[in-house]
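Engineer: My questions all concern the structure below.
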There are 2 protein chains.
Amino acid sequence: MGRWEPDARERLVRAALDLFSEQGYENTAVAQIAERAGLTKSTFFRHFRDKREVLFGGQDVLADLMTGAIAAAPAEARPLEVVEAALVATASTFTDERRAHGPQRLEVIASNDELRERSALKMVGFAIAMTDALKQRGVPELDAAVAAELGVLAFNRGYERWLETGGDFAEVVRRTLGEVREAVASLEAAE
Amino acid sequence: MGRWEPDARERLVRAALDLFSEQGYENTAVAQIAERAGLTKSTFFRHFRDKREVLFGGQDVLADLMTGAIAAAPAEARPLEVVEAALVATASTFTDERRAHGPQRLEVIASNDELRERSALKMVGFAIAMTDALKQRGVPELDAAVAAELGVLAFNRGYERWLETGGDFAEVVRRTLGEVREAVASLEAAE
């Protein structure tokens, strides 16, 4: 337990997820997470505001990547092309390390009502952020909302698929959005 | 405050919303709600499990109405026609009384992170319920998920519009879903 702490963040995430799985999220204190990681509480708080942020940190970064890509898309791009660019722009955050933690993270969230609610709000936040960014481009409000919802659906499903298959998140999420668009087309196709 | 309590539920909702607005949801105790309504705590608990249920009660009823209508839709109905039937089936619960409380209810929810999260999860719950019910009809999984998401979007927007305009919820939500479908078509239309 030296004072030089390489990978402190990664060790804290690992320790937190293991404790959440073993004894429940609600029964786990920050002090225990730090102890399990062989670090101090103050080191924990340099990386995370609280234990919930271990699971949901990075939401603002993702939303900023999405909205930045939407603002930067070519003027002639159609709304769903713009949404594709938004999803692809998040790919840099989907690292191997993140993938290694992903399934356990989803299990912990699924096991706790508070965390499921927080997760649902995260997706609403992405939908609102993308809707607003699309409206800034002049996309009509309802078109923007529909495109953003389809984007969030593809983002979620793409994430789960990427946890299973690995590979480049950008490629996985692009393919998933393509399938969502095909599903939309089949819903509205003539019999 | 006699022992015969007509409209106890309505009085409790009114008292709860007023207290939530005046002093904050988190600062309001069930005992205060009962007192403001001129009723006892035990009367409160005959109507609601806790103060949160004043805001979110009825979710199961709505989900059951949706899934019941999906199961009962004609075999030849297309997925989005089935979703329309699901939304329309909830109309009986959207009474004048509910409309009178609606705007204040939305304000209270918007002012509190926990309640916003709960509200988001409620919508996720509807999406999951409709997706599962559509899959039971043999709709492919992704088509079912997309149709359900579009339905939830129309449900939400239809609800907000109905609070503004009043009238028959069935009519409002049907029109809103029609507009969502037009937006979908315009997103995918050739330039």
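Engineer: If we hang a label 7 Å off Cα along the beta carbon direction at B:A71, how far is it from the matching labels on the other copies, in nm, shortest first?
Structural biologist: Result for B:A71, in nm, nearest copy first: 5.0.
Engineer: Then there is this: With r defined as the distance between the Cβ atoms of B:S92 and B:E188 and R0 fixed at 35 Å, what FRET efficiency is calculated, to the nearest 0.05?
Structural biologist: Approximately 0.55, to the nearest 0.05.
Engineer: Sorted from fewest to most neighbouring beta carbons within 10 Å, what does the list B:H47, A:H101 look like? Show your work: numbers first, answer last.
Structural biologist: Working: B:H47 16, A:H101 19.
Lowest to highest Cβ neighbour count: B:H47, A:H101.
Engineer: Using a label point 7 Å beyond Cα on the Cα-Cβ vector, give me the inter-copy distances for A:E141 in nanometres, one decimal, shortest first.
Structural biologist: 3.6
Engineer: I've got another one for you. Quick one: Karplus J couplings for the stretch B:42-57, per residue in order, coefficients 6.51, -1.76, 1.60, θ = phi - 60°, nearest Hz, x for Gly and Pro?
Structural biologist: Values per residue, Gly and Pro as x: 5, 5, 3, 6, 6, 9, 9, 6, 7, 5, 5, 5, 4, 8, 10, x Hz.
Engineer: Considering only DSSP states other than H, G, I, E and B, which chymotrypsin sites (Phe, Trp or Tyr not before Pro) in the stretch B:1-90 qualify as loop sites with at most 13 other Cβ atoms within 10 Å?
Structural biologist: Of the chymotrypsin sites (Phe, Trp or Tyr not before Pro), the ones in loops of the stretch B:1-90 whose Cβ has at most 13 other Cβ atoms within 10 Å are B:W4.
Engineer: Sort B:115-122, B:149-156 by the packing proxy (mean of other Cβ within 10 Å over each peptide's residues), most packed first.
Structural biologist: B:149-156, B:115-122
Engineer: Rg and Dmax of the protein assembly as shown, using alpha carbons, in Å: what are they?
Structural biologist: In Å, with Rg to one decimal and Dmax whole: 22.9, 71.
Engineer: For chain B, what is the convex hull (Cα atoms) projected area averaged across all directions, in square nanometres?
Structural biologist: Here the figure is 12.7 nm², rounded to one decimal.
Engineer: At a 10 Å Cβ-Cβ cut-off, how would you order A:T93, A:T28, A:T67, fewest neighbours first?
Structural biologist: A:T93, A:T67, A:T28
Engineer: Something else about it: Can you show me the helix-derived [θ] at 222 nm for chain A, built from DSSP H runs with n ≥ 4 at -39,500 (n - 2.57) apiece and divided by the number of residues, rounded to the nearest 500.
Structural biologist: Here the helix-only value at 222 nm equals -24500 deg cm²/dmol.
Engineer: Under a Cβ-Cβ cut-off of 11 Å, what is the net charge of the residues other than B:R118 that fall near it, where Lys and Arg count +1 and Asp and Glu count -1?
Structural biologist: Local charge sum for B:R118: -2.
Engineer: While we're here: Quick one: B:V173, A:V184, fewest Cβ neighbours within 10 Å first, how do they rank?
Structural biologist: Neighbour counts put them in this order, fewest first: A:V184, B:V173.
Engineer: Further question: Enter the Cα centre distance for the pair the stretch A:3-50 and the stretch B:140-191, rounded to the nearest angstrom.
Structural biologist: So the separation of the two Cα centres works out to 44 Å.
Engineer: Further, regarding this structure: Going 7 Å from Cα along the Cα-Cβ axis for the label, what nanometre distances separate B:D50 from the same residue across the other copies?
Structural biologist: 1.5
Engineer: Count the net charge of all other residues whose Cβ sits under 12 Å from the Cβ of A:V108, scoring Lys and Arg as +1 and Asp and Glu as -1. The partial results should precede the final answer.
Structural biologist: Working: positive: A:K51, A:R52, A:R105, A:R116, A:R118; negative: A:D18, A:E22, A:E26, A:E107, A:E114.
Residues near A:V108 contribute 0 overall.
Engineer: Another question about this same structure. Could you work out which residue, out of B:Q23, B:Q32, B:Q104, moves most in a Gaussian network model of chain B, that is, has the largest mean-square fluctuation with Cα springs under 10 Å?
Structural biologist: Residue with maximal mean-square fluctuation among B:Q23, B:Q32, B:Q104: B:Q23.
Engineer: Report, to one decimal in Å, the Kirkwood hydrodynamic radius for the stretch B:1-72 based on all distinct Cα pairs.
Structural biologist: About 13.2 Å for the stretch B:1-72.
Engineer: Here is a follow-up. Check every DSSP H run in chain B and write down those whose alpha carbon atoms cover 18 angstrom or more along the long axis and whose mean Kyte-Doolittle hydropathy is 0.5 or greater.
Structural biologist: Going by DSSP H runs, the hits are B:59-72.
All of the numbers you see were taken from the coordinates with simple rules; none came from a lab. Being a predicted model, the structure only gives us computed values, none of them experimental. Because the Cβ atoms are built from the backbone with ideal geometry, glycine has one as well, and the counts that use them run over all protein chains shown.
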